[in-house]
Amino acid sequence: MITLDQVGKTYPGGVTALRDVSLTIEGGELVGVVGPSGSGKSTMLNLIGALDLPTSGSVTIAGHELSRLSDRQLSALRGRTIGFVFQQYHLAAGVPAVDNVADGLLYTGLGLRERRRRAGQALERVGLAHRATNRPHQLSGGEKQRVAIARAVVGEPDVVLADEPTGSLDSRSGMVVMRLLRELNAGGTTVVVITHDREIAAGLPHRVEIRDGQVRS
Ligand code: ADP
C-alpha cells in the first residue's frame with residue numbers, strides 16, 4: 001500500500017529531516033511510528049499522505065508514484081485514498097460536527113444532502129450521533145478527535161494517517177481514540193499512527209522507530 005524507497009527530505013533552508021528511508025507498509029497493517037521529537041516522524045507522515053514530496057528517492061501510495069502525479073492528481077489521491085487525523089483535530093470552528101464530517105466528502109462531488117447523510121452515519125460509528133449539531137467548542141477533546149476520525153473515514157479511504165492523535169487527550173479519551181483506530185484497522189483499513197506514548201506504541205503490531213531522520217528498527 002505504501003512504499004518509501006531511499007527517501008530523503010531536505011527543507012528549504014537546509015534542514016535534512018529524513019535520509020535514505022526505505023519502508024514498506026502492506027495493505028491492512030496497523031503501524032506505529034515512534035521516535036523522539038524532531039526525528040522526522042511528521043515529515044514521513046506528510047510524505048506518506050502526499051502532502052509533501054521527497055527531495056530524493058520515491059514514495060508510492062496505492063500504486064501511484066507521487067513524483068509522477070500532477071497537483072490535481074495528488075489532491076485526488078489524497079481525497080480518495082487517505083484520511084488524516086491530527087493532534088489538534090483541525091475542525092472548522094463554529095461549524096456543526098455533522099458538517100465538519102461532511103467536508104471529508106467535498107472531493108466526491110456528492111450533493112450536500114447525501115454528504116450529510118453519510119456524515120451522520122460516520123458520527124454514529126464513532127458513537128457521536130447525538131452530537132451532530134454541536135460545534136467544536138461545545139465538544140470535549142476526546143469528542144473532537146472522534147469527530148475528526150469520522151471525517152477521516154467518511155469517504156472510506158484505504159489508509160488513515162494519524163499524527164499524535166492522543167497527544168492532547170487524557171488517557172481515557174486516548175484509549176477510546178485508539179480503540180476506534182483499531183476497529184477501523186480490523187475492518188481492513190491500513191492505519192499509520194505517530195505516537196510518543198510508549199504504552200500505545202507497545203500495543204501496536206508493527207512499529208517503525210525513527211531517529212535523526214533514519215529508520216532505526
Ligand atoms: P517529529 O515529527 O519527529 O517531531 P518533524 O518531521 O516534525 O519531526 O521534524 C524533523 C526536522 O525537520 C526538525 O528538525 C524540524 O525542525 C524540521 N522541519 C519540520 N518541518 C519543517 C519545515 N516545514 N521547514 C523546515 N524545517 C522543518
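Nothing in this text is a laboratory measurement; each read-out follows from the coordinates by a stated rule. Owing to the predicted nature of the structure, the values given are computational and were not obtained by experimental measurement. Cβ placement follows ideal geometry from the backbone for every residue including glycine, while neighbour counts extend to all protein chains displayed.
Which residue, chosen from GLN6, VAL147, SER171, occupies the Cα position most advanced towards the positive end of the dipole of the chain, where the dipole is computed from +1 (Lys, Arg) and -1 (Asp, Glu) charges on Cβ about the Cα centre?
VAL147
Given an 8 Å cut-off on Cα distances and at least 6 residues of separation, report the relative contact order of the chain as a percent. All intermediate terms of the calculation are to be shown ahead of the outcome.
On the way: 433 pairs, mean separation 65.5, N = 217.
Here the relative contact order equals 30 percent.
Determine the calculated [θ] at 222 nm for the chain from helices alone, applying -39500 (n - 2.57) to every DSSP H run no shorter than 4 residues and normalising by the residue count; nearest 500 deg cm²/dmol. Mind showing how you got there, number by number?
Values: 7 runs with 73 residues, N = 217.
Per the formula, -10000 deg cm²/dmol.
Kirkwood Rh over Cα pairs of segment 153-217 into Stokes-Einstein at 20 °C, 1.002 mPa s: D in µm²/s?
Values: Rh = 12.7 Å.
It diffuses with D of about 168 µm²/s by this estimate.
Can you give the charge dipole size of segment 2-215 about its Cα centre, rounded to the nearest 20 debye, using +1 on the beta carbon of Lys and Arg and -1 on the beta carbon of Asp and Glu?
660
Calculate, in nm to one decimal, what ARG207 and ASP71 gain on full extension: separation in residues at 0.36 nm each, minus their alpha carbon distance.
Details: separation 136, 0.36 × 136 = 48.96 nm, distance 3.09 nm.
Computed gain between ARG207 and ASP71 is 45.9 nm.
How large is the Kirkwood hydrodynamic radius of the chain, in angstrom, based on all distinct alpha carbon pairs?
Evaluated on the chain, it is 17.6 Å.
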